[in-house]
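The values are calculated or read from the model by the stated rules, or taken from the named source; none is laboratory data. Here the structure is a predicted model, which means the values were calculated and not measured. Cβ atoms come from the backbone with ideal geometry, glycine included; neighbour counts cover every protein chain shown. Please note that ligands, DNA and RNA were not included when accessible areas were found on the heavy atoms of the full protein model with its side chains. Shrake-Rupley method; radii C 1.70, N 1.55, O 1.52, S 1.80 Å.
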Amino acid sequence: MAGFTAKDVKELRDRTGVGMMDCKKALVAADGDMEKAIEVLREKGLAVAAKKAGRIAAEGMVTAIVDREKKVGVLLEVNAETDFVAKNEKFQNFVNGVAKTILEQNPADVDALMNMNYDGTDATVDATLKDLILVIGENMKIRRFARLEGDCVSYVHGGGKIGVLVQFDTDLADTEGFVECGKDVAMQIAAAAAQYMNKEDVPEDVVAKEKEILTAQAMNEGKPQNIAEKMVMGRINKFYKEVCLSEQPFIKDDKVSVGKYVEDCAKKLGGTIKMVSFVRFEKGEGLEKREDNFADEVASMIG
């Protein structure tokens, strides 16, 4: 198979849910380019949704903390090699300590965080992590974090599998009603994985590419140009309802959008609630578990 391998065919099948032969044909048509092959399958209407997330193989946990008085929230992912370690109390305490360090000290990035003093100690985060690796005997890594300032609400699902942090602008921060509304929004993001807040936030090139694919789909169904264009407008609205948080049907009542639900909450509570931004981490997304010798890697890190 010129330009691609059997492994590529399998990966395309895993990402699109389309049969082997169609995947092979798409890769031939795309000269082995994976992303182009996904487009080919979508244009034919074969791939319902190209799964963008890479294979999830890394263990560890996602955690979130919010300080309502300081108006700061933190979302953090720390990876370990096995699920066994992720359930270890020492590991979980370390992760929570790192989250507090980020909340208090506001590092610019992971490198800056590693050089800061770990929560309540004189040791750096880097030194504390290396000590933990020695004790547990498994490689661990602080992968990423987000720190948002404002009226934040968080939600962690499945014991650290998915974490969400949402930033609001509201005059109802001290009310239970707001926290309940915020939690509903965070759970929505965990479940439906919105990519953008509003229609206006979707980049023009993303919309243009989607229209191109939807037009090709309609034409392949044998529709004339003018009908195809009308169909694309209807389908692009459906696309917005999938990727934009404020447009998504609310999971607890799909007759209203998430934007409308938040509006109704604010009205009922007699104030204003505005969704400003959100972050969603899924443990291990985009990572592949490595096959090399972790004991050697741990030794090199400590050395």
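Of the listed requirements (1) surrounded by 20 or more Cβ atoms within 10 Å (Cβ to Cβ); (2) modelled with pLDDT under 95; (3) within 23 Å of the chain's Cα centre (by Cα), VAL62 misses just one: (2). Look at the stretch 255-266: where a residue is under 12 Å from GLY182 (Cα atoms) and in contact (Cβ under 8 Å) with a residue 24 or more places away in the chain and a partner is open to solvent by less than 40 Å² (accessible area, probe 1.4 Å) and assigned to a strand (DSSP E or B), sitting 6+ places away or on another chain with Cβ atoms under 7 Å, you get VAL258/PHE250; TYR261/PHE250; VAL262/ILE273; VAL262/MET275; CYS265/ILE273; ALA266/ILE273.
Every residue, every condition in (1) aromatic (Phe, Trp, Tyr); (2) over 27 Å from VAL164 (Cβ atoms); (3) open to solvent by less than 20 Å² (accessible area, probe 1.4 Å), yes or no:
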residue	(1), (2), (3)
VAL185	no, no, yes
TYR196	yes, no, no
GLY222	no, yes, no
ARG235	no, yes, no
TYR240	yes, no, no
LYS252	no, no, no
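A search for C-beta distances below 6 Å between a residue of the stretch 24-35 that is modelled with pLDDT of 90 or more and any residue that is open to solvent by 80 Å² or more (accessible area, probe 1.4 Å) and not hydrophobic (A, V, I, L, M, F, W, C), counting only pairs 6+ apart in sequence or on different chains, returns ALA30/LYS36.
Out of all the residues in the stretch 150-160, is one or more in contact with a Cys (Cβ under 8 Å, 6 or more places away or on another chain) and not basic (Lys, Arg)? No - not one qualifying residue is present in the stretch 150-160.
Per the listing LEU129, LEU165, the residue uniquely closer than 25 Å to ASN106 by Cβ, in contact with a Ser or Thr (Cβ under 6 Å, 6 or more places away or on another chain), open to solvent by less than 20 Å² (accessible area, probe 1.4 Å) and not in a loop (DSSP other than H, G, I, E, B) is LEU165. In the stretch 255-264, is there at least one residue being surrounded by fewer than 17 Cβ atoms within 10 Å (Cβ to Cβ), small (Gly, Ala, Ser) and part of a helix (DSSP H, G or I)? No: zero hits. What do you reckon, is ALA146 under 30 Å from ASP83 (Cα atoms) and crowded, with 19+ Cβ neighbours inside 10 Å? It is true that ALA146 is under 30 Å from ASP83 (Cα atoms) and crowded, with 19+ Cβ neighbours inside 10 Å.
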